[in-house]
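Written out below as structure tokens is the structure these notes cover.
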Amino acid sequence: MQLVIHISSQESNTLNRYLGEPFNYVVTVCDEANEVCPFFPGAAKRLHWSLPDPAAAAGTEEDRLEFFRSVRERLRYRIEGELLNK
């Protein structure tokens, strides 16, 4: 199985559209989200992985894209290592 993480839109989605969905995991990835994350009654487990917020990336477009890619790869590593290998 190959894990694909798309970053093409480089924007966050609102949580409201997901609140009624059942999830095996809810993972927050920035400290602000962890503090204000709503309760997901359908989530079997809630995790927090403190990662830098790509929206805060500065520099040229290429610098920002590299920052997004770096965070994506850290997510891939955590997902493949901690969630998919259980």
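Each reported figure results from applying straightforward, stated rules to the coordinates on display, with no laboratory input. On a predicted model such as this, the values are computed, not experimentally measured, just so you know. Note that each Cβ is placed from the backbone with ideal geometry, even for glycine, and that neighbours are counted across all protein chains shown.
May I ask you to list pairs of residues, at least six apart or on different chains, whose Cβ atoms are under 9 Å apart, with the first in the range 63-86 being within 16 Å of His48 (Cβ to Cβ) and the second being exposed (fewer than 12 other Cβ atoms within 10 Å of the Cβ)? Sorted first by the residue in the range 63-86, then by its partner, the pairs are Leu75/Ile5; Ile79/Leu3; Ile79/Ile5; Leu83/Asn24. For the range 17-50, filtering for residues that are part of a loop (DSSP other than H, G, I, E, B) and among the small types (Gly, Ala, Ser) leaves 3. In the range 51-86, of all residues being outside any helix (DSSP H, G or I) and surrounded by 12 or more Cβ atoms within 10 Å (Cβ to Cβ), the one that is farthest from the chain's Cα centre (by Cα) corresponds to Ala57.
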